[in-house]
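The values are calculated or read from the model by the stated rules, or taken from the named source; none is laboratory data. Just so it is clear, the model here is predicted, and its values are computed rather than measured. All Cβ positions, glycine included, derive from the backbone under ideal geometry; neighbour counts span all protein chains shown.
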Amino acid sequence: MTPKGDSHTQKSSQQASLEWLSAEYHDLNGDHIDILEGTPTALEFARIVQISRPVLIKRFQASSCKWSNDYLISKMGSRPISVAVTPNGRADAITLGPNGKLYFAEPAVEKMSMKSLLDNLSDDTCSAGDGAAAETYYLQSQNGNVYSSGFFNGQDDLSEFETLRQDIPSDVKWCTEALDKSPEAVNVWIGDGGSISSIHSDPYENIYTVVRGQKHFTLLPPTDGWCLDERLYPHATYVRNAGDLVLQPSPEISPPVRWASILNPHLPGCIPPEAHPIHISVSENEAIYIPVGWWHHVRQSSITVALNWWYDTEMRGMSWVMLSYLRDMKDVPSGNTDNEGSKAVV
């Protein structure tokens, strides 16, 4: 029989190990990121990937077009595009749902023209995710909405943004050369100050550039993941009620989703003081490299258009093993066993 207290001792030891790793990483690397005044060579970028720390890249001009409303509307015409719609700008995030339970809620996806999307956006520089009651529209379809993996494998799927492809490079040359592979997905993102991306990490090397507006990133290294209170949440998707058409999270029959419970990691006091967040804004014709496994929370100012290239990570060697180890060291409880998580969503 296991003596009482052994489980608690083990958890305390795990927590102490995670906190030590976090502190040690910070001592060696600090809380800043390097800024490059221009695009790197393939060799320079390969060294950056090896270090696996974010880098801000200035004078990164992915496209020569102006990305104005008029230009986007003229290029896209009446072609329908898939747009995420939420009641509060928080798509793919934890929210209160039926019976007072917490859910991981995906947005409703509605088809509309580019003009309709832009008509629903505002150049008001309000704070992203400020809890406004108005519905929020965000083009965030991801997973290769411009170029998917099929494009690079010679089996191209039709893209809703086919007419924008001449303005969006299919890869980033120095990144493709450094990693010796084509992107897994290339995406366009269009939203305004009402939308945020809740904090998460991706299994990709990410080159993310702003071509109009400004994005605000809060970044945390993989060693700080213990600060974000990951839990398991039932899955839901926003749907419109039949009567009043108000968006409400509708539970889905699917496995629970593991997600961070911290809603506003960019605000003081929302994560433990032992964490080491990095706050950085990315403006027009700048890009940020977000390494695989790095946590990021993203806001934006006014109407913002961005592009990103996701490259598959290298799973050989130690890096992926270490990332997986950091995620698996700590137990992930249900987000509905008590009310601790509710403070993150109200």
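Residue-wise test of (1) surrounded by fewer than 12 Cβ atoms within 10 Å (Cβ to Cβ); (2) under 18 Å from ILE280 (Cβ atoms).
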site	(1), (2)
SER13	yes, no
ALA16	yes, no
ALA42	no, no
ARG53	no, yes
LYS58	no, yes
Margin query: Kindly evaluate ILE271 against the criterion of being touching a Cys at 6+ places or on another chain (Cβ under 6 Å) and either buried (at least 21 other Cβ atoms within 10 Å of the Cβ) or at pLDDT below 90 (or both).
Written below: yes
Checklist line | Residue among GLY144, GLY131, GLY154 that is in a loop (DSSP other than H, G, I, E, B), at pLDDT below 95 and in contact with a strand residue (DSSP E or B) (Cβ under 6 Å, 6 or more places away or on another chain) | finding: GLY144
Next item on the list: Spot the failing condition for HIS32; the list is (1) closer than 20 Å to VAL292 by Cα; (2) touching a strand residue (DSSP E or B) at 6+ places or on another chain (Cβ under 9 Å); (3) outside any loop (DSSP other than H, G, I, E, B); (4) of a type outside the set (Gly, Ala, Ser), and only one is missed.
Entry: (3)
Margin query: Looking at the structure I just gave you, is HIS279 touching a Pro at 6+ places or on another chain (Cβ under 6 Å), under 30 Å from SER68 (Cβ atoms) and part of a strand (DSSP E or B)?
Written below: no
Notebook entry, point to check: Can you name the residue in region 60-79 that is crowded, with 16+ Cβ neighbours inside 10 Å and aromatic (Phe, Trp, Tyr) and, of all such residues, is nearest to GLY293 (Cα to Cα)?
Noted result: PHE60
Check: Residues of region 240-261 being of a type in the set (S, T, N, Q) and either surrounded by 16 or more Cβ atoms within 10 Å (Cβ to Cβ) or in contact (Cβ under 8 Å) with a residue 24 or more places away in the chain (or both), which ones?
Finding: GLN248, SER250, SER261
Notebook entry, point to check: So ASN264 clears everything in (1) part of a loop (DSSP other than H, G, I, E, B); (2) touching a residue at least 60 places away in the same chain (Cβ under 8 Å); (3) over 15 Å from the mean Cα position of the chain (by Cα) except one condition, right? Which one?
Noted result: (3)
Next item on the list: Out of VAL321, VAL292, VAL332, VAL298, report the one residue that is more than 30 Å from LYS115 (Cβ to Cβ) and surrounded by 16 or more Cβ atoms within 10 Å (Cβ to Cβ).
Entry: VAL292
Checklist line | Single unsatisfied condition, LEU139 versus (1) more than 30 Å from ARG327 (Cβ to Cβ); (2) surrounded by 15 or more Cβ atoms within 10 Å (Cβ to Cβ) | finding: (1)
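The rows are residues; the columns are (1) closer than 30 Å to THR337 by Cβ; (2) part of a strand (DSSP E or B); (3) of a type outside the set (Gly, Ala, Ser).
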residue	(1), (2), (3)
LEU56	no, yes, yes
LYS66	no, no, yes
TYR71	no, no, yes
SER82	no, yes, no
ASN88	yes, no, yes
ILE94	yes, yes, yes
Note to self: For region 277-328, which positions are among the aromatic types (Phe, Trp, Tyr) and out of contact with any strand residue (DSSP E or B) (no Cβ under 7 Å at 6 or more places or on another chain)?
What the structure shows: TRP320, TYR325
Next item on the list: Name the residue, out of SER113, SER148, that is among the small types (Gly, Ala, Ser), over 15 Å from VAL305 (Cβ atoms), buried (at least 16 other Cβ atoms within 10 Å of the Cβ) and more than 21 Å from the chain's Cα centre (by Cα).
Entry: SER113
Margin query: Looking at THR223 and the list (1) closer than 27 Å to ASP123 by Cβ; (2) polar (S, T, N, Q); (3) out of contact with any strand residue (DSSP E or B) (no Cβ under 7 Å at 6 or more places or on another chain), which single condition is not satisfied?
Written below: (1)
Item checked: Members of region 188-205 that are surrounded by fewer than 24 Cβ atoms within 10 Å (Cβ to Cβ) and over 23 Å from ASN88 (Cα atoms) -> ASP202, PRO203, TYR204
Item checked: Single unsatisfied condition, ILE33 versus (1) surrounded by 11 or more Cβ atoms within 10 Å (Cβ to Cβ); (2) of a type outside the set (Gly, Ala, Ser); (3) closer than 30 Å to ASP331 by Cα -> (3)
